[in-house]
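Scroll down for the structure; my scribbles are underneath it.
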Amino acid sequence: MRILLLCAWFLSVSGGYGLAAAPGGKAGGVNKIKAAKGAVVEKTIYDFKVKDAHGEAYSLAGLKGKVILIVNVASKCGFTPQYEGLEALHKKYGGKGLVVLGFPCNQFGGQEPGSNEEIQHFCKLTYGTSFPVLGKLEVNGPGADPLYVYLKEKAPGVLGSEAIKWNFTKFLVDRTGKVAGRYAPATKPEALAPDIEKALALSPSKP
């Protein structure tokens with residue numbers, strides 16, 4: 001475990017991984033959809049649907065106008081106590097328009113081995129989470145969920161590396177649907193407060 005934590009720390013402070021310097025990404029196929037008359041338009045985060053913990057569709061279209069914090073989470077990671085900080089952000093800013101979304105992922109050190117039901121029980125019992133912790137998914141590789149393909153293209157790391165490096169990587173989406181920032185696993189949730197407040201102050205009608 002100590003080795004894994006040291007690796008996570010090293011990845012968070014080196015290799016150009018952290019807050020994306022210039023979100024915008026490349027025009028990959030996942031970012032394009034066809035309009036009514038065959039025209040191709042840019043896909044937005046509101047076009048994606050994921051699965052909730054019960055296997056039901058969860059549409060991000062219902063979050064239009066909200067500020068969204070998206071985090072790949074794990075129950076047996078050195079960063080797992082960040083659940084406390086995420087819950088604190090949810091309680092402080094949820095009424096002002098912030099939505100925190102947790103996505104369990106077992107791709108890093110096998111640190112999220114449980115079922116969706118077990119994960120829900122752990123989160124509520126251990127951290128009293130009241131923000132949505134959705135269904136397990138993959139964030140890297142050929143099985144990566146399309147939402148994460150989109151997020152990585154829109155906000156790669158500082159040196160252009162798109163791959164998620166570890167649990168508790170964070171993406172902040174503003175009220176207009178723009179991916180405004182990407183944050184390393186070691187970045188504590190409370191450190192995002194200034195950026196969240198800035199995003200909350202932005203009118204949904206402004207690009």
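Given the residues Pro146, Pro142, which is the only one that is out of contact with any strand residue (DSSP E or B) (no Cβ under 8 Å at 6 or more places or on another chain), without any contact (Cβ under 8 Å) to a residue 24 or more places away in the chain and within 25 Å of Thr44 (Cβ to Cβ)?
Values: Pro146 fails: without any contact (Cβ under 8 Å) to a residue 24 or more places away in the chain.
The match here is Pro142.
Condition first: free of Cβ contacts under 8 Å to residues at least 60 places away in the same chain and either in contact with a strand residue (DSSP E or B) (Cβ under 8 Å, 6 or more places away or on another chain) or farther than 17 Å from Glu117 by Cα (or both). Now tell me which residues in the stretch 43-60 satisfy that.
Restricting attention to the stretch 43-60, the residues satisfying the condition of being free of Cβ contacts under 8 Å to residues at least 60 places away in the same chain are 47, 49, 56-57, 59.
Residues satisfying the conditions are Asp47, Lys49, Ala57, Ser59.
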Checked the stretch 171-207 for anything closer than 22 Å to Thr44 by Cα and among the hydroxyl-bearing types (Ser, Thr, Tyr); matches are Thr176, Tyr183, Ser203, Ser205
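Only one residue in Leu159, Leu172, Leu200 is in contact (Cβ under 8 Å) with a residue 40 or more places away in the chain and part of a helix (DSSP H, G or I), so which one is that? Spell out how you get there, then give the answer.
Details: Leu159 fails: part of a helix (DSSP H, G or I); Leu172 fails: part of a helix (DSSP H, G or I).
Among Leu159, Leu172, Leu200, only Leu200 is in contact (Cβ under 8 Å) with a residue 40 or more places away in the chain and part of a helix (DSSP H, G or I).
Yes or no, residue by residue, for (1) among the hydrophobic types (A, V, I, L, M, F, W, C); (2) over 15 Å from the mean Cα position of the chain (by Cα):
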{"residue": "Val100", "(1), (2)": "yes, no"}
{"residue": "Pro113", "(1), (2)": "no, yes"}
{"residue": "Gly135", "(1), (2)": "no, no"}
{"residue": "Val139", "(1), (2)": "yes, no"}
{"residue": "Lys152", "(1), (2)": "no, no"}
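Among Gly114, Gly18, Gly78, which is assigned to a loop (DSSP other than H, G, I, E, B), surrounded by 15 or more Cβ atoms within 10 Å (Cβ to Cβ) and at pLDDT below 95? Before the answer, list the steps.
On the way: Gly114 fails: at pLDDT below 95; Gly78 fails: at pLDDT below 95.
After ruling out the rest, the residue left standing is Gly18.
Do we have any residue at all in the stretch 63-73 that's part of a loop (DSSP other than H, G, I, E, B), touching a Leu at 6+ places or on another chain (Cβ under 8 Å) and closer than 22 Å to Lys152 by Cα?
Just the residues of the stretch 63-73 that are part of a loop (DSSP other than H, G, I, E, B), to begin with: 64-66.
The next check asks that each one be touching a Leu at 6+ places or on another chain (Cβ under 8 Å); those that pass are 66.
With the extra rule that they be closer than 22 Å to Lys152 by Cα, the set shrinks to 66.
Looking for residues that are part of a loop (DSSP other than H, G, I, E, B), touching a Leu at 6+ places or on another chain (Cβ under 8 Å) and closer than 22 Å to Lys152 by Cα, one finds at least one in the stretch 63-73, hence yes.
The values are calculated or read from the model by the stated rules, or taken from the named source; none is laboratory data. From a predicted model like this one, the values you see are computed outputs, not experimental measurements. With ideal geometry, Cβ positions are generated from the backbone for all residues, glycine too; neighbour counts draw on all protein chains shown.
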